[in-house]
Amino acid sequence: MRSAAPRRWALLALAVAATLPVAGRAAEMPAYRVVRGEVRVRCPITVGGSFEAVTTSLSGTVAVAALRPAVLRGDLTVDLSSVDTGIALRNSHLRDKYLEVGQGGDFATAVLSDVRLDKVEASTFNGRTRFTGMLLLHGTRHPVSGQADIRFEGSAVRVTASFPAHIDDYGIAPPRYLGVGVKNEVQVKVSLLVTPVPAPGGGQ
């Protein structure tokens with residue numbers, strides 16, 4: 001009876017070989033930098049209705065770290081001091097009392113990282129997918145998940161993503177003014193356009 005060991009080694013070799021082209025393709029893909037972006041947070045009010053907190057101060061660079069599943073390395077960063085709700089007093093309360101932006105560091109920005117797409121092939125994907133990521137807000141990291149729509153426009157990529165976030169996950173006091181508060185779950189919508197980062201010595 002023939003030993004099964006050679007067959008096991010052959011299967012292992014094939015499995016390792018199969019991963020090499022994937023890793024190579026991920027390494028060859030360019031990094032992408034945000035050239036335009038917007039974040040809208042819809043905040044439902046306890047007495048009914050809602051308001052939006054908006055900013056266009058979104059920056060960052062991401063790259064494909066793996067294709068199967070699609071994993072992105074890099075961060076997307078929002079300057080929280082730029083968030084605008086349309087009312088100056090509400091802006092002040094949001095930034096100073098609840099987000100505590102003045103503490104600086106991890107309180108001054110919100111950062112989305114460790115993004116993973118459910119779609120298998122990041123290099124060819126063009127459409128809707130679920131995603132997961134890690135959101136750093138108010139000095140606290142917490143996982144988030146939602147839907148993303150990815151569209152290639154020539155060499156650029158346009159992304160629209162949305163996900164729910166819970167205020168108490170980040171140690172933020174329930175926002176309240178004159179008896180009117182914000183509900184615990186808010187809806188975050190991120191829209192951005194990214195373009196390839198020029199390769200060193202590429203002349204771009």
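The values are calculated or read from the model by the stated rules, or taken from the named source; none is laboratory data. Small disclaimer: the values here were computed from a predicted structure and weren't measured. Here the Cβ is made from the backbone with ideal geometry for all residues, glycine too, and neighbour counts use every protein chain on show. For the accessible areas, the whole protein counts, side chains as well, though only heavy atoms, and no ligand, DNA or RNA atoms are used. Shrake-Rupley method; radii C 1.70, N 1.55, O 1.52, S 1.80 Å.
Being out of contact with any His (no Cβ under 7 Å at 6 or more places or on another chain), at positive phi and at pLDDT 95 or above narrows it down to one of Gly102, Gly37, Gly60, so name that one.
Gly60
Assess whether Ser191 counts as being within 17 Å of the chain's Cα centre (by Cα) and small (Gly, Ala, Ser).
Yes.
Scan the stretch 29-52 and report the pairs whose first residue is in contact (Cβ under 8 Å) with a residue 12 or more places away in the chain and within 20 Å of Val111 (Cβ to Cβ) and whose second residue is open to solvent by 30 Å² or more (accessible area, probe 1.4 Å) and assigned to a loop (DSSP other than H, G, I, E, B), with Cβ atoms within less than 7 Å and a gap of 6+ or a chain change.
Ala31/Val197; Tyr32/Val197; Arg33/Val197; Gly37/Thr56; Glu38/Thr56
One residue is enough: does the stretch 96-104 have a residue meeting the conditions touching a helix residue (DSSP H, G or I) at 6+ places or on another chain (Cβ under 7 Å) and closer than 19 Å to Leu192 by Cβ?
For the stretch 96-104, residues touching a helix residue (DSSP H, G or I) at 6+ places or on another chain (Cβ under 7 Å) and closer than 19 Å to Leu192 by Cβ: absent.
Looking at the stretch 34-63, which of its residues are closer than 21 Å to Arg158 by Cα and more than 13 Å from the chain's Cα centre (by Cα)?
Val35, Arg36, Arg40, Val41, Val54, Thr55, Thr56, Ser57
Would you point out the residue of the stretch 60-100, among those that are assigned to a strand (DSSP E or B) and open to solvent by 70 Å² or more (accessible area, probe 1.4 Å), that is nearest to Gly139 (Cα to Cα)?
My answer is Asp75.
From the residues in the stretch 33-52 that are over 24 Å from Asp114 (Cβ atoms) and of a type in the set (A, V, I, L, M, F, W, C), which one is surrounded by the most Cβ atoms within 10 Å (Cβ to Cβ)?
Among those that are over 24 Å from Asp114 (Cβ atoms) and of a type in the set (A, V, I, L, M, F, W, C), it is Cys43.
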